Amino acid sequence: MADDFERMWAELAPIGRSSASGGYFRQPFLGAETELRAWFGEQVAARGLEVEADGVGNVVAWWDPVGVGAAAPALLTGSHLDSVLDGGAYDGPLGVVSALAALDLLRSRGVRPQRRIGVSVFAEEEGSRFGLACLGSRLATGALSWADAQELRDRDGVFLGDALASVGLPGATEGGLLDLSGVGTFVELHVEQGRDLVDRGAAVGVASEIWPHGRYRFDLTGEANHAGTTRMEDRADPMLTYAMTALAANKQARLSGSRATFGRVEVEPNGTNAVPSRVTAWLDARCASDAELADLVAVVTRQASERAERDGTALVVTAESVSVSVAFDASLARSVAVDHAGGDWPVIPTEAGHDAGILSAAGIPTAMLFVRNPTGVSHSPAESAELPDCLVGVSALADTLERLAR
Ligand code: GLV
Ligand code: MN
Ligand code: MN
């Protein structure tokens, strides 16, 4: 099992890796991510799995069950292969590689599952290209319509349909969407994205809930003018409105025990010696409850609007991606957590988003396993996991699947 895992991990390591930062650029429907998909195709073919792929890049590779299992609700496990810009190696691929390794382990144990077991890859989980988190799983669960998805464009103005076509994916009209109606349980293994498991001294944890989170585009417009000749009192500078908004968001999040981040900003015309005409900035906000998230975004928007009025700028706020809070099936989480020799795995909440949250919200009983991340850093090249912990994760996943497939 260790050899299989290490071999797969070594094969993935160079794909999409930046030699400058050591981080990964695996944006959906582009070179590196397409290579990863091809790699996944080879892996499942080598295992004799039956591939079900849809028109938007979601894939499930099925291990067919014995006897009556074909009619029983299926068991799905997997994650995603895309990354954020300059992301870590583990966020997504760890869940896919672990799913394949767990399946190998079950076969080597001679397990004959009484339910279909599928290894899944959902497309554009990070929303790094089209702005909407969990694009593939939202489409497959019906949380997002294909009509709305077709309006999405990337930073270069490329429509989703054209991006799909560029890698031979026909879109949902022609290629359909994964049918998840027969799925009875989803289990996603993921690298932990904080230090909770490090602090608890546990190799593996189980998710209890996902905080609600959203992405909000702040479009601030002002008046372009000369940086030297324009008197300070004559300016309508959207950069000032933005700067104050970023400070306000940080302060409000601190006050409420929430999270608020402006991690992406575009400035026009982006010249050193001109007052900008426009600043577009994206707020990523996350709170313990849906109501707190709504309140946080409302207060930041109000403070930004007041500042815009003083600056003589205009503000429009657009919610691009909102994911409601998710409480995972508590009894499933408990059963995943207790089933190992050394005691119970801790059951912990997460502030990060996952396809598991989308499937859970769609009514599919869902569990998540987290693997300890010694740096606690994620969405960064510094994200990490140790091989022994990864192997514990594979065993925990295999044990869970084996029990669920009985
Ligand atoms: C995805 O990993 C997110 O939490 O944004
Ligand atoms: Mn992820
Ligand atoms: Mn992520």
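Results, tabulated for the structure shown:
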read-out: Accessible carbon and sulfur surface of the range 213-323 relative to its total accessible area, %, 1.4 Å; value: 50 percent
read-out: 1.4 Å probe accessible area per residue over the range 213-323, in Å²; value: 52 Å²
read-out: Relative contact order computed over the chain (Cα-Cα under 8 Å; 6+ residues apart), in percent; value: 22 percent
read-out: For Ile348, residues with placed amide H under 5 Å, excluding near neighbours; value: Val206, Ala207, Ser208
read-out: ³J(HN,Hα), Karplus 6.51/-1.76/1.60, whole Hz, each residue of the range 175-184, x for Gly, Pro; value: x, x, 10, 3, 8, 8, 5, x, 8, x
read-out: Shape call, the range 213-323: gyration tensor on alpha carbons, a/c limit 1.5; value: prolate
read-out: Dipole magnitude of the chain, debye to nearest 20 (Cβ charges: Lys/Arg +1, Asp/Glu -1, about Cα centre); value: 520 debye
read-out: Nonlocal amide H pairs with Asn225, under 5 Å, H built at 1.01 Å; value: Val275
read-out: Helix 387-404 vs. the chain, principal-axis angle (Cα, 0 to 90°, nearest 10); value: 60 degrees
read-out: Heavy-atom accessible area order for Val204, Val84, Val167, largest first, 1.4 Å probe; value: Val167, Val84, Val204
read-out: Cα pair distances of the range 31-121 binned at 5 Å [whole percent]; value: 3, 13, 24, 25, 17, 10, 5, 2, 1, 0
read-out: Quotient of Cα Rg and 2.2 N^0.38 Å for the chain, N being how many residues it contains; value: 1.04
read-out: Surrounding net charge for Asn250, when Lys and Arg each add one and Asp and Glu each subtract one, Cβ distance under 15 Å; value: +4
read-out: Positive minus negative residues near Cys134 (Lys, Arg vs Asp, Glu; Cβ under 10 Å); value: -3
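The values are calculated or read from the model by the stated rules, or taken from the named source; none is laboratory data. Because the structure is predicted, anything quoted here is derived from the model rather than measured. Glycine also receives a Cβ, built like all others from the backbone with ideal geometry; neighbour counts cover every protein chain displayed. Surface accessibility is based on the protein's heavy atoms, side chains included, excluding ligands, DNA and RNA. Shrake-Rupley method; radii C 1.70, N 1.55, O 1.52, S 1.80 Å.
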